[in-house]
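The values are calculated or read from the model by the stated rules, or taken from the named source; none is laboratory data. Bear in mind that the values here come from a model prediction, so they are computed numbers and not experimental data. Here the Cβ is made from the backbone with ideal geometry for all residues, glycine too, and neighbour counts use every protein chain on show.
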Amino acid sequence: MLEKKDLEMIAEVVSETVKEVNKPIYERLDNVDARLDKMESRLDRVERKVTDIQMTLENETNKNIQIIAEGHLDLSRKLDDALKVENEKEMLLIRVNRLENEVRRLKDKIEGIA
């Protein structure tokens, strides 16, 4: 039968063997931890960049688009006003043309009577 010392020696040998067998696993885990730290660092940088882009969109781009849109509304109003004046001018030209023709006809009648 095995004595306590023998069991302790066997336990020590088994423990050392388990440590030896697990050593590559722990080394790989350390390597994985280092890679995860690098990935977290990169992810943090990406998050900062995304936040910066969002802030730029909110504070600059959207406001600039609004300013441009307001400018286009003003241009549209000015164009409408200009077209209104152009339409009035067109109507006056038609009226003047009609009146000139009427005056010509009246002159012709007066010359025919005289």
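Against the conditions (1) modelled with pLDDT of 85 or more; (2) within 44 Å of the chain's Cα centre (by Cα), ILE94 satisfies every one except (2).
The set of residues in region 95-114 being hydrophobic (A, V, I, L, M, F, W, C) and either in contact with a Cys (Cβ under 8 Å, 6 or more places away or on another chain) or surrounded by 10 or more Cβ atoms within 10 Å (Cβ to Cβ) (or both) consists of VAL96, LEU99, VAL103, LEU106.
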